[in-house]
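Asks: Supplied in structure tokens, the structure appears directly below.
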Amino acid sequence: MAIRRLNSILRYARPGGVASALLALFGMAGVAALSAVAGNDFGAPAAASRHVLVISVDGMGASWYAAPPAGLATPNLMRLKTEGSFAEGVEGVYPTVTYPSHTTIVTGRMPAEHGIYSNLSSRVAGQNPRDWFWFAQAIKVPTLWDEARKAKLTTASVLWPVTAGADIDWDIPEIWDPQKGPVPDPLYIGRFATPGLVLEATMAIGSPPAGEDRDTTIAKLAGYLLKKHQPNLLLVHIELLDEVEHGHGPESPEARAMVERIDARIGEILQADRDAGLADSTDVFIVSDHGFLPVERLIQPNVLLAKAGLFTLDAQGYVRSGTIQTVSNGGSFFIYWPEGGNLEARVRAALQPLTGQGLVWAVFNRQALVDLGADRAAKMALEAPLGAAFDGAAVGDLVVPAKRPIGTHGFLPFRKGLESSFIAWGPDIRGGVNLHRIRMTAIGPTILKV
């Protein structure tokens with residue numbers, strides 16, 4: 001149903017290879033749903049002359065444009081919403097974190113199918129704990145860039161998650177040195193980008209001046225790729241709203257100011273598209289990975305698990321090894337142990353204080369996680385209560401009050417406030433269509449359709 005409703009926004013049905021590409025990527029049922037309401041293909045421009053621009057605003061809940069606070073100045077977002085089509089909310093995937101969500105957007109599949117189950121990639125306690133799912137080889141199903149290449153269309157990306165090593169013509173992936181953490185490092189990114197592209201772009205747009213934020217640099221890079229290479233598909237990841245909402249809360253003045261700044265960055269990318277002479281042939285999709293919830297306290301389940309002897313800690317209190325592994329996603333907490341380990345009773349006994357003190361909203365077993373389309377290897381997951389988030393620390397108090405208003409995500413996708421975004425605008429998009437609530441898995445097929 002979600003795919004059918006999204007396809008009602010499209011003006012044309014593409015002839016030729018679109019149906020076969022859809023069949024390969026999403027199966028016969030998806031093709032039938034899309035074809036039923038797409039209209040006819042008369043007057044549709046040739047696919048090779050078309051362009052698709054996907055801008056993901058990390059952490060932008062749908063309410064920022066569907067029900068914006070009074071006085072919020074986002075003229076670009078509101079113009080695209082008014083002239084195009086939009087959803088009042090997008091139901092994402094579990095956990096509602098950046099890397100699984102972005103991979104669902106470009107594959108149309110749930111994490112259990114596409115293989116990017118969380119941000120962090122390690123499933124062995126104490127082993128590479130700072131590594132993320134940076135590399136595209138971890139994706140188990142075809143992506144939008146794979147289908148574009150099959151159709152002999154060109155592709156580009158700017159800091160889109162899980163694109164290091166991707167088969168993308170002009171690729172500047174999101175990746176950082178795990179020993180330094182997520183800090184901008186053009187030299188490190190350049191090691192994994194399309195050879196020579198970072199240097200080429202830097203020589204064209206210049207090094208970022210002191211004080212320039214990352215999103216401004218990202219917009220400049222996107223503009224450069226549009227004007228220089230004119231890719232048929234460009235994926236852009238705008239980052240800083242997520243950072244601000246984590247640090248100050250989702251409804252803070254700082255978050256509001258950042259949304260307005262991001263709207264200006266979107267305007268700059270759209271202007272670059274016009275300057276490149278592509279405006280009449282570009283369909284624009286504004287998406288996001290998740291919304292946010294406010295947090296007042298942090299819950300640290302690893303403290304209980306370490307006390308139960310399920311982890312070995314080093315002198316600094318970091319997990320060195322263990323009979324289990326845990327992954328904290330903020331709003332959720334996934335627990336792993338080896339097949340045949342028979343550790344469930346021991347884990348549940350260790351975590352009993354959480355349920356006894358009302359520090360968990362829900363506990364999911366393996367079958368429930370399979371039903372949610374989440375990581376099939378996880379044996380158990382905890383869902384945080386309202387106003388709380390999970391932290392991965394293994395020493396200290398079980399509950400730590402937040403020092404100031406903060407926010408997080410990673411909760412179940414249908415909890416209020418976690419809705420992500422979808423706006424579509426362009427020559428192939430019907431105007432004035434309110435899709436109400438859709439699923440994130442429908443976005444990929446819709447983008448592929450145009």
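Coordinate-derived values only; no laboratory data. In this text, all values refer to a predicted model and were calculated from it rather than measured experimentally. A quick note on method: Cβ atoms are made from the backbone with ideal geometry, for glycine too, and the neighbour counts reach across all protein chains shown.
Asks: If each residue's Cβ is checked for other Cβ atoms within 10 Å, how do THR74, THR107, THR82 rank with the fewest at the top?
Replies: THR82, THR74, THR107
Asks: Let me check I've understood the local charge: for HIS102, count other residues with C-beta under 13 angstrom from its C-beta, Lys and Arg +1, Asp and Glu -1. What total comes out?
Replies: Summing Lys/Arg as +1 and Asp/Glu as -1 gives -4.
Asks: Can you pull the Kirkwood radius for segment 200-304, inverse mean 1/r over Cα pairs, to one decimal in Å?
Replies: 15.9
Asks: Follow-up. For LYS403, which lysines qualify as cross-link partners when the Cα separation must be under 28 Å and same-chain residues fewer than eight apart are set aside?
Replies: The qualifying lysines are LYS180, LYS307, LYS416.
Asks: For segment 351-422 and segment 215-288, compute the distance between their C-alpha centroids and round to whole Å.
Replies: Each part's Cα centre sits 30 Å from the other's.
Asks: How many percent of DSSP beta bridges within the chain run antiparallel, rounded to 5?
Replies: The antiparallel fraction comes to roughly 50 percent.
Asks: Put +1 on the Cβ of every Lys and Arg and -1 on every Asp and Glu Cβ in segment 294-408; which of VAL303, LEU359, ILE324 then has its Cα farthest towards the positive end of the dipole?
Replies: VAL303
Asks: Expressed as cubic angstrom per residue, what is the convex hull volume of the alpha carbon set of segment 294-408?
Replies: Roughly 100 Å³ of hull volume per residue.
Asks: Short version: what are the Cα gyration tensor semi-axes of segment 167-240, square root of 5 times each eigenvalue, largest first, in whole Å?
Replies: Semi-axes from the Cα gyration tensor: 19, 15, 12 Å.
Asks: Specify the residue with the greatest mean-square fluctuation among GLN271, GLN300, GLN357, computed from a Gaussian network of the chain linking alpha-carbon atoms under 10 Å apart.
Replies: GLN357
Asks: Right, here's the next one. For the chain, set up a Gaussian network in which alpha carbons nearer than 10 Å are linked by springs, and say which option among PRO427, PRO231, PRO353 fluctuates the most.
Replies: PRO353
Asks: When Lys and Arg each count +1 and Asp and Glu each count -1, what net charge do the other residues less than 15 Å away from ARG320, Cβ to Cβ, add up to?
Replies: Surrounding charge for ARG320 is 0.
Asks: Another question, if that's okay. Can you give the Rg to Rh ratio for segment 120-167, taking only C-alpha atoms and Rh from Kirkwood?
Replies: Rounded to two decimals, Rg over Rh is 1.10.
Asks: Treating segment 51-136 as a set of equal point scatterers at the Cα positions, no solvent, please give the Debye-formula log₁₀ I(q)/I(0) at q = 0.12 Å⁻¹.
Replies: -0.50
Asks: Which residue fluctuates most in the GNM of the chain (Cα springs below 10 Å): LYS416, LYS307, LYS180?
Replies: Highest fluctuation among the options: LYS180.
Asks: For Cα pairs less than 8 Å apart in space and 6+ apart in sequence, what is the mean separation divided by the residue count of the chain, i.e. the relative contact order in percent?
Replies: Relative contact order of the chain: 30 percent.
Asks: Can I ask one more? From Cα pairs below 8 angstrom and at least 6 apart in sequence, can you work out the relative contact order of segment 294-408, rounded to a whole percent?
Replies: 47
Asks: In addition: Mind grabbing the base-10 log of I(q)/I(0) for the chain at q = 0.06, 0.07, 0.08, 0.13 Å⁻¹? Debye formula, identical points on the C-alpha positions, no solvent, two decimal places.
Replies: So the normalised log intensities work out to -0.25, -0.34, -0.45, -1.18.
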